[in-house]
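Accompanying notes for the structure given below.
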DNA sequence: TACCTGAATTGGTCTGACCAATGCTGCACG
DNA sequence: CGTGCAGCATTGGTCAGACCAATTCAGGTA
């Protein structure tokens, strides 16, 4: 019987969890490729020998995790790049408080320099070119005034891109989630951002250049400087806001 | 009618998502405190004017996000500290991607030394004493032969403990999840572990001593050495297993 | 008082039904 | 022949009600 696959994990765990893990495994093993459409719920439920109810609970979980995506009337698809972006259900549920914010920022300070360093060591030519094109694409909107928080989007995209160049999926996901939560918890004042944005873009360029020239230490240092700068921005802005409140 | 609260977000989103966001909001607003028990599913479904099916899909999502926790026959509770469990989005993502072990290990190599360093700076006396007691408790079982994989449990406990001393909840969660996944992916041969365990325990002691004496660099170095040693163990063992297979 | 039993509570799973969005097929018309 | 639209098939979304299984707790018994 097809459903026997699900018996492996301890009989104790919820069925929906076992189903979700099973589907994850099939994705990993290549039975379902990224971009593929999964079988219809009714059919998949029969294949796995579970009710549609339980299957759907599993799919909702996978959707929250950013692994699949369901479209009403269209079907359920495996995401190409499982993204824990701001619009992901997970991010929508999680509200970063100020306590968490400094914690999350510390995770960035620890992980991101190491990511930049490793990217400079391991990135292949294709990846470097890809990152370069990304920066070129960011250039105009980044420097122009009044494009509001698109800068935040670009910032996240760049940092996620550096993470991707390391080839380490685990780190990429961790840092993407952390950055999403940080950006969610802190929304900069769009008006004040002109010079800051230029500076941030310059630092991004510096990181990229170091990666392109295969200089791990320089890449690490550029990232450290970037984070340091941004941290100071955030601190001063928070202080200003406190003054306004008083 | 109670269910009208749910109409606010665009009528487009799935009902289960709207429910999940609504519950999140009530948690943030204090209607449900961390540790509280939520109303029974049947009752909550009536309150929100939705079917139990949809409510359950929402609760599964919240559980995956680490916000609530359901116990069969017990009830559903708001988590005190939203935890990244094995059913967390990140865990599922790793499950869905190939070859996680080396990636996960690299996360440890990056994060754990930094954790040890910060623990040596920030830990309070209570925390240090707590870690010391933990090691004392580990001592006998760790060094005795034949206690099987309890060593793995102790190992996870110690590393989680160091993370806790930093006071950074986010990092604690991340490293706890990573270590769980690593240990799940790699089960050492219990028979060969005698000397190795003694060595690991000695390194744990070294890390602890450095933290106790407030020597950040020493703590970092001890952790680096520890991870390096364990990594070598794992590599040689994997190679041996390959030989057996041939 | 301590322990055990059983009923009430509560989450877990299943079935089958119907609604709603999407996509496709084939026919009619230009 | 090509184009556009109507209608049907497909597929996800929601619902109601039933029954199973783990936990909890009150009440009774030793």
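Bear in mind these aren't lab numbers, they're just calculated from the coordinates by the rules spelled out. Quantities reported herein were computed from a predicted structural model and do not represent experimental measurements. Glycine gets a Cβ as well: all are built from the backbone with ideal geometry, and neighbour counts include every protein chain shown.
Details
- Those residues of region B:34-44 which are within 14 Å of another protein chain (Cβ to nearest Cβ) and either within 12 Å of DNA strand C (Cβ to nearest atom) or surrounded by 15 or more Cβ atoms within 10 Å (Cβ to Cβ) (or both), in sequence order: B:41
- Among the residues of region A:27-64, those identified as within 15 Å of DNA strand D (Cβ to nearest atom) and not in a helix (DSSP H, G or I) are A:32, A:35, A:36, A:37, A:38, A:39, A:40, A:50, A:51.
- Single residue of B:56, B:18, B:25 found to be within 13 Å of chain A (Cβ to nearest Cβ), out of contact with any helix residue (DSSP H, G or I) (no Cβ under 6 Å at 6 or more places or on another chain) and buried (at least 20 other Cβ atoms within 10 Å of the Cβ): B:56
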